[in-house]
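Enquirer: My structure is below; once you've seen it, I'll send some questions.
The values are calculated or read from the model by the stated rules, or taken from the named source; none is laboratory data. Being a predicted model, the structure only gives us computed values, none of them experimental. As a convention, Cβ positions derive from the backbone with ideal geometry for all residues, glycine included, and neighbour counts pool all protein chains shown. Just the protein is used for accessible areas: all its heavy atoms, side chains included, with ligands, DNA and RNA removed. Shrake-Rupley method; radii C 1.70, N 1.55, O 1.52, S 1.80 Å.
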Amino acid sequence: MGYKTILVPLDSGDLNESLLRTALAAAQHFKAHIDVLYVPRSRRDDVVRYGTIGMSESLRKAVMGAAGRG
């Protein structure tokens with residue numbers, strides 16, 4: 001069984017070059033092509049802040065407290 005497409009999700013991290021080399025080796029082995037998907041890292045603060053929109057004040061405080069952002 002071979003692969004036709006290999007999806008490589010990358011972010012701004014240090015492993016990108018290593019991941020691309022591994023994906024390239026696999027693509028050459030399987031005669032496949034590579035699709036690269038850039039996935040930006042979410043800042044935890046933004047996720048917590050914007051993820052609480054629409055919550056009641058008590059639920060928002062509980063979420064923020066659990067995230068250590070009281």
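Enquirer: So how exposed is ILE6, as accessible area in Å² (1.4 Å probe, rounded to 10)?
Expert: Estimated to the nearest 10 Å², ILE6 gives 30 Å².
Enquirer: Using modelled amide H (1.01 Å from N, peptide plane; none on Pro or chain starts), what sits under 5 Å from the amide H of VAL8, excluding residues fewer than 5 places away?
Expert: Excluding prolines and chain starts, which carry no amide H, the hits are ASP35, VAL36, LEU37.
Enquirer: Right, here's the next one. Accessible area of VAL36, 1.4 Å probe, to the nearest 10 Å²?
Expert: 90 Å²
Enquirer: Go ahead and run the numbers for FRET between LEU20 and ARG41, Cβ-Cβ distance against an R0 of 30 Å, rounding to 0.05.
Expert: 0.95
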